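Below: one structure, written as C-alpha cells.
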Amino acid sequence: ADTVAEIRHLLGFIGGSGCTFVRNAESHDSAAAREHIEKKYAYAKRWIDTAEQFIEYTATKSSVSGEVYRVICNGRDEPSADWLTRELESFRDSGGG
C-alpha cells in the first residue's frame, strides 16, 4: 500500500466531509479539523510508517488533554479513529492507496 497516498486521501476525506469535529470539548468544522491534523502530522511524520499510525498519532486524541477526538457526521457521533479507520478500509477496498 502507498502510505503517502492513503494519508493524502484521509486528509482530503476529513477536509471535504462537512462533518463536525469535537476536540477538547470544542466543535470545529472539517476544514479546521484537517488543518489541525495536518499540523500534527507535520510534527509526527518521522514516526509514521503506515496510515494506521497516522490515524493513531494525529487523529485519535488530544496530545495535550488525552481526550478522544469525536466526529459528528450524518447524525452519528463516534470516535474519529473509528470513522477514519472505516474510510481507510473503504479506500483500500476500492483499489486506492
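The values are calculated or read from the model by the stated rules, or taken from the named source; none is laboratory data. The model shown is predicted, which means the values in this text are computed figures rather than measured ones. Cβ coordinates were reconstructed from backbone atoms using ideal geometry, including for glycine residues, and neighbour counts include every protein chain displayed. The accessibility values were calculated without ligands, DNA or RNA, using every heavy atom of the protein model including side chains. Shrake-Rupley method; radii C 1.70, N 1.55, O 1.52, S 1.80 Å.
With a cut-off of at least 1 residues that are in contact (Cβ under 8 Å) with a residue 60 or more places away in the chain and of a type in the set (F, W, Y), name the helices (runs of 4 or more DSSP H) lying wholly within region 21-97.
Output list reads 80-93.
Given the conditions (1) at pLDDT below 95; (2) open to solvent by less than 30 Å² (accessible area, probe 1.4 Å), which single one is not true for I48?
(1)
Out of A32, A1, which single residue is more than 12 Å from S80 (Cβ to Cβ) and modelled with pLDDT under 95?
A1
Taking the stated definitions as given, is I72 in contact with a strand residue (DSSP E or B) (Cβ under 6 Å, 6 or more places away or on another chain) and either open to solvent by less than 40 Å² (accessible area, probe 1.4 Å) or farther than 14 Å from V4 by Cβ (or both)?
Numbers: in contact with a strand residue (DSSP E or B) (Cβ under 6 Å, 6 or more places away or on another chain): yes; either open to solvent by less than 40 Å² (accessible area, probe 1.4 Å) or farther than 14 Å from V4 by Cβ (or both): yes.
Against the criterion (in contact with a strand residue (DSSP E or B) (Cβ under 6 Å, 6 or more places away or on another chain) and either open to solvent by less than 40 Å² (accessible area, probe 1.4 Å) or farther than 14 Å from V4 by Cβ (or both)), I72 qualifies.
I'm checking my understanding of the structure. Among residues of region 83-97 that are of a type outside the set (G, A, S) and either open to solvent by less than 80 Å² (accessible area, probe 1.4 Å) or in contact with a Phe, Trp or Tyr (Cβ under 7 Å, 6 or more places away or on another chain) (or both), which one is farthest from H36 (Cα to Cα)?
Within region 83-97, the match that is farthest from H36 (Cα to Cα) is F91.
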